[in-house]
Ligand code: PBG
């Protein structure tokens, strides 16, 4: 035999020499949940090790992440039911929990990268990502709300705006609103290929943001479709996105690879709440080795072509020095 591929696997040194994919702290984005109040910290039942923090504790959590070299955070608010309405007006109210949180984080840690989520669902009394009329999700009317929300985030200090709503034309709309108001430097990380997935369940528990009726299938993508992701990615690129995101990650590695092969923009992947819950549940039962399972997941998402990974594992992999 002339070719013996095993020779390149014969020692740890050689295995590391030929390793094609690496995950580092710089690639990781840590999603964080925020709740109102003082000195609050409540664990999400379906996401062991993941908490909702009041702003004071959020600042402590971010400080401890920065010490580990984890510098990018995606913030999500848990909004009290009585503050929700059909038009998500709480999403751009100056003294809202979310806008206060962004301002506090940027004031205390200007070097941190703050990514903000633009979508109506946490603030909507219908629990949908768009304005609802007669059971339908209105597209163009929703853009107006998303524009107001994105502008409020930029004014509060957001570094990157991440629209997760899947309305048509929202990247271009938000880009225009930001530019018209002088925020040409604020980036857009678009949820380009966001699927109508079962794996968002634990996230909706964390934020109490599940739809009050129906599902999200008229705006989020059909899990059976791959080519359609190219349409979404191409539109977002033309509309001015700086990053293209695929979500969820693990069940959609083929989509990450497809988009990576068809764009020069950095691709992000969201290793979502249900993916985290699944791994943690198996680990708790002793069915998987924690370190090996988690690092294999993150490495696979990178190998598929993701530059940045949004993951609830971000802090633990650095704390435990697993990378
Ligand atoms: C809201 C939003 C969702 C997630 C991120 N932004 C949920 C949804 O679309 O229902 C899911 C993240 C996760 O599951 O970790 N638009």
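The values are calculated or read from the model by the stated rules, or taken from the named source; none is laboratory data. Please read all numbers here as calculations on a predicted model, not as lab measurements. When we count neighbours, we look across all protein chains shown, and the Cβ atoms used for this are built from the backbone with ideal geometry, even at glycine.
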Select from region 270-296 the residues that are surrounded by 22 or more Cβ atoms within 10 Å (Cβ to Cβ) and assigned to a helix (DSSP H, G or I) and write down the one among them that is farthest from the ligand (Cβ to nearest atom).
294
State whether the residues of region 169-178 include one that is under 24 Å from residue 203 (Cα atoms) and either crowded, with 20+ Cβ neighbours inside 10 Å or within 16 Å of the ligand (Cβ to nearest atom) (or both).
yes
Give 99, 75, 58 a once-over and let me know the one that is more than 16 Å from the ligand (Cβ to nearest atom) and either in contact with a strand residue (DSSP E or B) (Cβ under 8 Å, 6 or more places away or on another chain) or in a loop (DSSP other than H, G, I, E, B) (or both).
58
Looking for something assigned to a strand (DSSP E or B), in contact (Cβ under 8 Å) with a residue 60 or more places away in the chain, within 16 Å of the ligand (Cβ to nearest atom) and over 18 Å from the mean Cα position of the chain (by Cα) - is there at least one such residue anywhere in region 135-157?
yes
Mind listing whichever residues of region 125-134 are assigned to a strand (DSSP E or B) and closer than 18 Å to residue 174 by Cβ?
131
Filter region 15-30 for residues that are assigned to a loop (DSSP other than H, G, I, E, B) and either within 30 Å of residue 105 (Cα to Cα) or at pLDDT below 95 (or both) and give the result.
22, 23, 24
